[in-house]
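> This is the structure I want to talk about, given as structure tokens.
The values are calculated or read from the model by the stated rules, or taken from the named source; none is laboratory data. What you see is a predicted model; the values in this text were computed from it and never measured. As a convention, Cβ positions derive from the backbone with ideal geometry for all residues, glycine included, and neighbour counts pool all protein chains shown. The area values use the complete protein model at the heavy-atom level, side chains included, leaving out ligands, DNA and RNA. Shrake-Rupley method; radii C 1.70, N 1.55, O 1.52, S 1.80 Å.
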Amino acid sequence: MMEKKAILVLLVLTLSLISGQEPKKIETLKAPYRIHTLFSVECQNYFDWQTVGLMHSYRKAQQPGPITRLLSCTDEERKNYRGMELAPTFEVPSMSRHPKTGDWYPAINKPAGVVHWLKYSKEAQNVDWVVILDADMIIRGPIVPWEIGAEKGRPVSAYYGYLIGCDNVLAKLHTKHPELCDKVGGLLAMHIDDLRALAPLWLSKTEEVREDRAHWATNYTGDIYGTGWISEMYGYSFGAAEVGLRHKINDNLMIYPGYIPREGVEPILMHYGLPFNVGNWSFSKLEHHDDDIVYNCSRLFPEPPYPREITQMEPDRNKRRALFLNIECINTLNEGLLLQHAAFGCPKPKWSKYLSFLKSKTFAELSRPKPLTSQSRQMMEVEVHKEVDNAPEKPHPKIHTIFSTECSPYFDWQTVGLVHSFYKSGQPGNITRLLSCTEEDLKQYKGHDLAPTHYVPSMSRHPLTGDWYPAINKPAAVLHWMNHVKTDAEYIVILDADMIMRGPITPWEFNASRGHPVSTLYDYLIGCDNILAKLHTRHPEACDKVGGVIIMHVDDLRKFALQWLHKTVEVRLDRSHWSKNITGDVYEAGWISEMYGYSFGAAELNLRHVISDEILIYPGYVPAPGVNYRVFHYGLEYRVGNWSFDKANWRHVDLVNKCWAKFPSPPDPSSLDQSDNNSLQRDLLSIECATTLNEALRIHHERRKCPDPNSISTTNQDTTNETRTNDDASRTNAETRTNDDETRTDAETRTNDETRTDAETRTSAEARMAVETTTSRKFGKVDNDVRGLRHDDVPKNNSQQSSQPDTSNGTFSSMRFWIMALWAVSIFAFLGVMSVMLKGRKGLKKRGKGYKSKRRTSYSGFWDTNGQDNRHIRNAETA
């Protein structure tokens, strides 16, 4: 036993002498001391020279334990790969091209490689601690997990402050424990049991975030390119949060060359992921993406300045330390390349000053293994990564909401629903309906008081081409409103009429800014990815697949509105590219030209959208957990059990002007199946949408002073009420068009009585600010509009719980009654005349000219009855 202890002490002393460290520095190297270092690469020259640098630094820094390169290659890459001897290697299947989704994302190979190694490597069965690095790193000193503070359940990692998704909706969407999300990466040191629990989730969360394209924007992820490239980093943080791992975050152990180290801190790891320079010399790994420098004998990276030059160049001690780190990084890479070339049997390189320096004692001293310092071990407080803003709160910008409609009952009931929900939602600012009507339609229109309104000429029939395309009214109306109305709003929210608001839609919550409008994802707009975009915009790469809800700065909208209209006309005329494989339009009728007009117009001005999937949901879709959607878009048919709703079935039904008309009531929420939570939440939202529409109609009818539905009322009463309403609407319309600046007190007050105080009553100058189009900016609308052309006037609804709406007209019923009465009286009159004629036969010889005249009078009285009922009755009685 004593002999074993003596041998162990001798071994420790020997290691100390070799590493140049005091024995006390490795006293803690005790069981469990089985450490394994991993890094992930692919079969490319780019990773090969990084592998050479990392492996050389691994040996030079005397990192304990074995190291394994996780090599991901496709079958084709593997056939031609030259670098199998560069490092101890464990081959793993390549997932660069995802086997299920087809997504090209090589970064996923890192978690996929770790999962494969844990499952199939024998080495993974004999490990207690794992250190995971990236290939583009240089080790400067031993990374011993327990020495840097790692514990089971508490891994150590470096701070990645730009992972802002841990603080916003991204974390809420992708982990049940967003409060546990740590902004970490780069260096990972953890217990093998923690890695086994984490690895599968690391992979699945990477896939999840990668598929969430709606949240790739910089304001969600911190990725300046907005391409989802750092999905793997979020996959790690969200996976760790899911299994409850809280990291010890250290911002001192790792440094990027080019950064200045803190006083007293000696980093033990360099990560050369960013460009760096020393004077006029610079290095960027991206410039050597296809560099075969490993296999090109005697080739090295450009030599950096020498230490003596740096001393003369920079007087500041700390900045000088940063420059020394920069040259140490590149010199270590070049030293590794020299040794690798020698291992390949390359000829001995010619002598040079730089080669002499790399072999000198000066460089050996500069690059000797670095021990940990007390400052290097210091951990960050977890609270550091939480944003704290002590600045005084700025007032929010003003907002105005607009939507576009036409003069039809179809848009009227949608208007009633949207305006009701607008006030109920607490949306800041005012709302304006943009009403597109022909002069003839406007004369007969009854719904002037349904919303604060701005009247615009109809472009349903294009004035130049004659093309019938009502959807063009949306951009045309927005342009007209922008040119004719002065608004003090800084942001404009554009909605469709077939929407129900559930909460406020604000630019400050969804991060809209000048040049960066907010919208929702319409991923079926495949024309953004093909020839259609190349034909219709100079910047096809800037084409965003968006629509539905739009939040845009007013200055952007002023520049954009005309482009929106022009591009809509342009795409509409391009009939040769209406096919489904180009536009995504299943009807191939060019109906979504306006949507492409929007995307192409925005691309022309390089407006890049913040795409949010938290604003809008279609009833009938399963909601994402924890998301408070702000808008229902009921453009598609949806069902709850046997009950269903399809807006296209109600295209020709006048629900607004017929007292107490409403939609079939949806099922009671208490009757829903509670076993499947996803289905339950979906159905609850569907019921909420339909209930809100019916609630809006009920309040509208109450405002019209419709008679009590429980009392017995005649159709004449309904007709009288409708006549009064129409007269009032006509007078309101006449007054509005006579004086455009006159306050629409009556219409606005009735609307505002719902939820607002008298102080919020709007003037017509404010009220005429809104946008709506003949058709919503969505794919479902195409279906509804096309199908609507085939529907009868009577709605068809599959509900088994409510009767169909009564479409009969009171005036028509009254008229039918009088026609039947006239018909009955005419029969009696005819019988009476015949009776007189039969009696008259007895005095046939006495008849004269006077009698013939009398018979003609009676005959005339019978047939000449069109609109003369009373005269007919009198003639019959006389006869």
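> Could you compute the FRET efficiency for Asp555 and Ile827, with r as their C-beta to C-beta distance and R0 at 56 Å, rounded to 0.05? Provide the component values of the computation, followed by the final result.
Details: r = 76 Å, r/R0 = 1.35.
Calculated transfer efficiency: 0.15.
> How would you order 173-180, 629-636 from highest to lowest mean count of nearby Cβ atoms within 10 Å?
Working: 173-180: 17.4, 629-636: 23.2.
So the order, starting with the most tightly packed, is 629-636, 173-180.
> Continuing with this model, one more query. Ile67's amide H: which non-local residues (gap 5+, or another chain) put their own amide H closer than 5 Å, with H modeled 1.01 Å from N in plane and none for Pro or chain starts?
Correct list: Thr37.
> Using a Förster distance of 60 angstrom, determine the FRET efficiency expected from the C-beta separation of Gln44 and Arg698, and round it to 0.05.
Working: r = 66 Å, r/R0 = 1.11.
Here the calculated transfer efficiency is 0.35.
> What is the spin-label model distance, in nm, from Lys152 to Ser670 if the labels are put 7 Å beyond Cα along the C-beta direction?
5.2
> Scan around Ile550 for amide H atoms under 5 Å from its own, H built in the peptide plane at 1.01 Å from N, and keep only partners 5 or more places away or cross-chain.
Here the answer is Ile494, since their amide H atoms fall under 5 Å of that of Ile550.
> Counting Lys and Arg as +1 and Asp and Glu as -1, each charge on the Cβ, what is the dipole of the range 399-616 about the Cα centre in debye, to the nearest 20? Mind dumping the intermediate values first?
Details: 19 positive and 26 negative charges, 55 e Å.
The dipole of the range 399-616 has a size of about 260 debye.
> Stretch Arg196-Glu588 to full length: gain in nm at 0.36 nm per residue minus the Cα-Cα span? Provide the component values of the computation, followed by the final result.
Details: separation 392, 0.36 × 392 = 141.12 nm, distance 5.11 nm.
Extra length available between Arg196 and Glu588 comes to 136.0 nm.
> Quick one: how many Å² of Asp291 are accessible to a 1.4 Å probe, rounded to 10?
20
> How far, in nm, would the chain grow between Asp523 and Asp292 when pulled straight, counting 0.36 nm per residue and subtracting the alpha carbon separation? Please list the in-between numbers first.
On the way: separation 231, 0.36 × 231 = 83.16 nm, distance 4.00 nm.
Gain on stretching Asp523 to Asp292: 79.2 nm.
> Now for a separate question. Provide the gained length on full extension for the span Leu562 to Asn530, in nm with one decimal, where the gain is 0.36 nm per separating residue minus the Cα-Cα distance. Don't skip to the end; give the middle numbers.
Working: separation 32, 0.36 × 32 = 11.52 nm, distance 2.39 nm.
My answer for the length gained is 9.1 nm.
> So how far, in whole Å, is the C-alpha centre of the range 543-604 from the one of the range 401-471?
When both Cα centres are located, 20 Å separates them.
> Please say if the range 399-616 is rounded, prolate or oblate, where rounded means a/c under 1.5 for a ≥ b ≥ c the square roots of the C-alpha gyration tensor eigenvalues, and otherwise the choice is prolate for a/b larger than b/c and oblate otherwise?
On the way: a/c = 1.68, a/b = 1.16, b/c = 1.44.
It comes out oblate by the Cα gyration axes.
> Highest mean first, how do 459-469, 678-688, 231-241 rank when packing is the count of other Cβ atoms within 10 Å averaged over residues?
Numbers: 459-469: 13.7, 678-688: 17.5, 231-241: 26.7.
Highest-to-lowest ranking by the protection proxy: 231-241, 678-688, 459-469.
> Give the ranking of Asp412, Asp441, Asp251, Asp673 by solvent-accessible surface, highest area first, calculated with a 1.4 Å probe.
Values: Asp412 10, Asp441 75, Asp251 50, Asp673 100 Å².
Result, largest first: Asp673, Asp441, Asp251, Asp412.
> Once you put a point 7 Å from the Cα of Thr89 and another 7 Å from the Cα of Leu680, both along the Cβ direction, what distance in nm separates them?
Each label point is offset 7 Å from its Cα along the Cβ direction, giving 5.4 nm.
> How do 521-530, 597-606, 330-339 rank on mean C-beta neighbours within 10 Å, highest first?
Details: 521-530: 18.7, 597-606: 23.4, 330-339: 21.9.
For the peptides 521-530, 597-606, 330-339, the packing ranking is 597-606, 330-339, 521-530.
> Could you give the distance between the Cα centres of the range 616-677 and the range 38-76, to the whole Å?
About 56 Å separates the Cα centre of the range 616-677 from the one of the range 38-76.
> Taking H placed 1.01 Å from N in the peptide plane, check which residues at least 5 places from Ala217 or on another chain put their amide H under 5 Å from its amide H.
The list, which skips near neighbours in sequence, is Ile611.
> Among Lys285/Lys545; Lys443/Lys567; Lys60/Lys359; Lys110/Lys205, which pairs are too far apart, with a Cα-Cα distance over 22 Å? Present the calculation step by step, with values, prior to reporting the outcome.
Working: Lys285/Lys545 33 Å; Lys443/Lys567 32 Å; Lys60/Lys359 14 Å; Lys110/Lys205 13 Å.
Among Lys285/Lys545; Lys443/Lys567; Lys60/Lys359; Lys110/Lys205, the Cα-Cα distance tops 22 Å for Lys285/Lys545; Lys443/Lys567.
> So what J values fall out for the range 158-174 if you push phi through Karplus, 6.51 cos²θ - 1.76 cosθ + 1.60 with θ = phi - 60°, rounded to Hz, Gly and Pro as x?
8, 8, 10, x, 7, 7, 5, x, 5, 9, 10, 5, 4, 5, 5, 6, 10
> Mind giving me the nanometre distance, one decimal, between the label points for Arg514 and Val622, set 7 Å out from Cα along Cα→Cβ?
Each label point is offset 7 Å from its Cα along the Cβ direction, giving 4.4 nm.
> Asn126 to Arg59: FRET efficiency via 1/(1 + (r/R0)^6), r the Cβ-Cβ distance, R0 22 Å, to the nearest 0.05?
Working: r = 21 Å, r/R0 = 0.97.
Once the sixth-power term is evaluated, E becomes 0.55.
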